[in-house]
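Single-structure report; data block below.
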Amino acid sequence: MTNTVTHAKEKEIFGHPIGLYVLFFTELWERFSYYGMRALLVLYVATSATAVDPGLGWSNGDAIWLYGWYTMLVYVASIPGGYIADKFLGQKKTVMLGGFLLCAGHLVLAIPTEWAFFTGLLLIILGVGGLKPNISTMVGGLYKEGDIRRDSGFTIFYIGINIGAFLSSIIVGLVAYKYGWHYGFGLAGIGMLIGQAVFIYGQKHLKHVGNFIGSEGSGVDAEVMKKPLTKVEKDRVIVLLISFLIVVVFWGAFEQAGGLMNLYTDAKVDRVIGLSWLEEIPAAVFQSLNAGYIIIFGTVIGGFWMWWKRKGRESSSLFKMAIGTIIMGLGYVFMMFASQEASAEAFGKAAMYWIFLAYLFHTIGELCTSPVSLSFITKLAPVKYASIMMGIYFAATGFGNKLAGSIGEAAQLESYSGSMTASVEEIYNYTKKDDIEVKELVNGEKKIVTVNAYPIDEDKNFSIKSKVYLDGDNVVFTEHEKGSDISSLFDLTKVETEGKKEEEIATAKSGKEEELASLKAYLKENGATKENPYHAKLAFEKDKDKAQIVENKGDGKDYGVSFVVEEAQNEQEYKIFSFLVIFTVAFGLLLIIFLKKLKKLTHGAEDNEGTFNEEA
């Protein structure tokens, strides 16, 4: 498939072309920047806009919606990225262009404004589209056709990806936790700058790979672009397109990591470790588990498949991808256990080891699937469609990410909402004074200082844990520990009338009445009574625009309240985790059933590779 070959006199390190290590470190730092930013994305978007280190203040569902679209577009952009490489620039120049766009995008994210955030995301989408499919294709281009080192070269390359992901999730996550979101985004940008510098410096080792087909030194006759595909090539394209369906399913389940799993870890996993310098582990740091496991177990899984093949057993790429999908899906069994543990008591949390176990199975599944699929494409794709097929592969990954976002959204119930009607003094009875970081003018300069106060005095968000049940036709809220009635603290039917037309007010009131009726129906259906109450964590948040007006500070006005019924949310999350297990396992088994027919379409592309495979 490849459009270049390794020249006989080319320098090697550990039995591989030195160009592999240039691409290794370039991708390591590119993934450092991408996964560092990804670890923060959903948490930043869902963080209140009135916090000391404000986010966008979106709901969890909306945050996952953005995550799904962003991660899809990042990879779908690989199709035009591959097309530009094949038709105009070549892979090497397109990688260079993508790298510059990525540097710009990550550094723009460090600017603490909303326009910069969305501009940065757009630049990253374009940059990954140019870099990702072409740098992977260049790895295959370092080796001659039939060279058994190609698969182990991809495994080395894949380790680079995961070293970058492992380091970034920890370092960027901790920097954002300690110093603020935009410091984390900025650090991710610095990582990309290092990666781009490595790629520029290593050009002398990449002279014979990634050039535009037909140009001098590309290693391929330009006439190859004019020849129609042969029957064998057409069959191989068909099996590649079918394998891309596996990719969509796999990543649709796997990529809950940055969305649903991230939010779940943040809200419902006990992360307290009690160190003097770190009270609890930031949720974003758990994103490093996957990459860490890959570094630890990559050679173990590779050794297993080598042993398996030497025994003469089925070890084709399609078989490994099917097994990997099944194993990855089984990781959600542990999330089912976590959900059961968290829901065993009101406002309960699950132990951290469930997350460790889930990510372990996800990683084993990934090691059986992802590096295998990358190498599979370089074996089967026709020469003139090399980068485009890799682009379609990454686009399939993107559609998987979008599927992941849709599944994650389905796990987040729509919040009930209303307006706070209580006075500041009433709220004092249900909150405590605490050390709160606030921004104040000190000698004419804005600085963060710590004050001991009630959250409402500083226009900060606060929450009240409550029991909720039906008493006749009335929804009653009582404070979780003391049992005092707090229904009067807020109004679920009140609507904002200022500046609105009568029709808009009527529509809003009708919507509120339907929302309240829905809550009553749910509580009635599930028998929520005073003796057997359900639970809700009432989140009070001041309007972000009103919170910016200094004169309004501490007035207790313009607060909204929102909540979901804990039991309903726990049940929904359990259903989603169960669905992921059933869907992935069933799909993997179906693929195994049709394995022989699919292998025929490869026309023996993997039959002459000695005893080595993708994880050699």
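Take the residues in segment 464-490 that are loosely packed, with under 15 Cβ neighbours inside 10 Å and of a type in the set (Asp, Glu); name whichever of them is farthest from Lys520 (Cα to Cα). Walk me through it before giving the result.
From segment 464-490, those loosely packed, with under 15 Cβ neighbours inside 10 Å are 471-474, 481-485, 488; that's our starting set.
Imposing the further condition that a residue be of a type in the set (Asp, Glu) reduces the set to 471, 473, 481, 485.
On the way: Asp471: 10, Asp473: 8, Glu481: 23, Asp485: 18 Å.
Only one residue fits best here, namely Glu481.
Among the residues of segment 80-122, what is the count of those that are touching a His at 6+ places or on another chain (Cβ under 8 Å) and within 17 Å of Leu193 (Cα to Cα)? Talk me through it step by step, then tell me what you get.
Narrowing segment 80-122 to residues touching a His at 6+ places or on another chain (Cβ under 8 Å): 109-112, 120.
Okay, now just the ones that are also within 17 Å of Leu193 (Cα to Cα), so 109-111, 120.
So the count comes out to 4.
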Discussion item. Being over 27 Å from Lys204 (Cβ atoms), of a type in the set (Asp, Glu) and in a helix (DSSP H, G or I) is the requirement here; does Asp86 meet it?
Written reply: no
Log entry, pairs with first residue in segment 407-423 being closer than 17 Å to Val468 by Cβ, second being of a type in the set (Val, Ile, Thr) and surrounded by 15 or more Cβ atoms within 10 Å (Cβ to Cβ), beta carbons closer than 6 Å, six or more apart or on different chains, reads Leu413/Val564; Ser415/Val564; Gly418/Val561; Met420/Val561
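In contact with a Gly (Cβ under 9 Å, 6 or more places away or on another chain), at pLDDT below 90 and either surrounded by fewer than 24 Cβ atoms within 10 Å (Cβ to Cβ) or of a type in the set (D, E, K, R) (or both), is that true of Ile79?
Values: in contact with a Gly (Cβ under 9 Å, 6 or more places away or on another chain): yes; at pLDDT below 90: yes; either surrounded by fewer than 24 Cβ atoms within 10 Å (Cβ to Cβ) or of a type in the set (D, E, K, R) (or both): yes.
Considered against the rule, which asks whether it is in contact with a Gly (Cβ under 9 Å, 6 or more places away or on another chain), at pLDDT below 90 and either surrounded by fewer than 24 Cβ atoms within 10 Å (Cβ to Cβ) or of a type in the set (D, E, K, R) (or both), Ile79 comes out as yes.
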Report task. Determine whether segment 269-280 contains at least one residue that is at pLDDT 85 or above, over 17 Å from Tyr332 (Cα atoms), assigned by TED's automatic domain parsing to the domain that holds Leu174 and not aliphatic (A, V, I, L, M). Result -> yes
Taking segment 256-299 and keeping residues surrounded by fewer than 17 Cβ atoms within 10 Å (Cβ to Cβ), assigned to a helix (DSSP H, G or I) and among the β-branched types (Val, Ile, Thr) leaves Ile295, Ile296, Thr299
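Yes or no, residue by residue, for (1) under 18 Å from Ala338 (Cα atoms); (2) within 13 Å of the chain's Cα centre (by Cα):
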{"position": "Val248", "(1), (2)": "no, no"}
{"position": "Gly252", "(1), (2)": "no, yes"}
{"position": "Asp266", "(1), (2)": "yes, no"}
{"position": "Val269", "(1), (2)": "yes, no"}
{"position": "Gly274", "(1), (2)": "no, no"}
{"position": "Glu280", "(1), (2)": "no, no"}
{"position": "Ala283", "(1), (2)": "yes, yes"}
Residue pairs within 7 Å by beta carbon, gap of at least six or interchain, first lying in segment 308-333 and outside the structural domain of Phe577 (by TED's automatic domain parsing), second of a type in the set (Phe, Trp, Tyr), listed first then second, are none
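Residue under question is Ala346, and the condition is that it be out of contact with any Cys (no Cβ under 7 Å at 6 or more places or on another chain), modelled with pLDDT of 85 or more and either among the aliphatic types (A, V, I, L, M) or not in a helix (DSSP H, G or I) (or both); does it hold? I'd like the intermediate steps shown before the answer.
Details: out of contact with any Cys (no Cβ under 7 Å at 6 or more places or on another chain): yes; modelled with pLDDT of 85 or more: yes; either among the aliphatic types (A, V, I, L, M) or not in a helix (DSSP H, G or I) (or both): yes.
Spelling it out, Ala346 is indeed out of contact with any Cys (no Cβ under 7 Å at 6 or more places or on another chain), modelled with pLDDT of 85 or more and either among the aliphatic types (A, V, I, L, M) or not in a helix (DSSP H, G or I) (or both).
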Taking first residues from segment 185-197 that are within 15 Å of Ile163 (Cβ to Cβ) and second residues anywhere that are basic (Lys, Arg) and modelled with pLDDT under 90, the pairs with Cβ under 7 Å that are 6 or more apart or on different chains are none
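Among the listed residues Leu193, Leu109, Leu187, Leu174, which satisfies the condition of being more than 30 Å from Glu606 (Cα to Cα) and buried (at least 24 other Cβ atoms within 10 Å of the Cβ)?
Details: Leu193 fails: buried (at least 24 other Cβ atoms within 10 Å of the Cβ); Leu187 fails: buried (at least 24 other Cβ atoms within 10 Å of the Cβ); Leu174 fails: buried (at least 24 other Cβ atoms within 10 Å of the Cβ).
Exactly one residue qualifies, and that residue is Leu109.
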Report task. Report whether or not Gly302 is of a type outside the set (Val, Ile, Thr) and either part of a helix (DSSP H, G or I) or under 17 Å from the mean Cα position of the chain (by Cα) (or both). Result -> yes
Query raised in the report: Just a yes or no: is a residue in segment 525-540 assigned to a helix (DSSP H, G or I) and of a type outside the set (Phe, Trp, Tyr)?
Result: yes
Restricting attention to segment 472-511, the residues that are touching a strand residue (DSSP E or B) at 6+ places or on another chain (Cβ under 8 Å) and assigned to a helix (DSSP H, G or I) number exactly 2
Going through segment 499-536 in order, the residues found to be within 25 Å of Asn461 (Cα to Cα), modelled with pLDDT under 95 and touching a Lys or Arg at 6+ places or on another chain (Cβ under 9 Å) are Ala508, Lys512
Inset, instruction - Look at Ile456 and say whether it is assigned by TED's automatic domain parsing to the domain that holds Gly259, modelled with pLDDT of 90 or more and buried (at least 21 other Cβ atoms within 10 Å of the Cβ). - result: no
Inside segment 59-76, the number of residues satisfying the requirement of being aliphatic (A, V, I, L, M) and in contact with a Gly (Cβ under 6 Å, 6 or more places away or on another chain) is 3
Can we say Thr119 is assigned by TED's automatic domain parsing to the domain that holds Phe199, of a type in the set (S, T, N, Q) and modelled with pLDDT under 90?
no
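The values are calculated or read from the model by the stated rules, or taken from the named source; none is laboratory data. Computed from a predicted model, the values in this text were never measured in an experiment. Quick reminder, even Gly has a Cβ in these numbers, built from the backbone with ideal geometry, and neighbours come from all protein chains shown.
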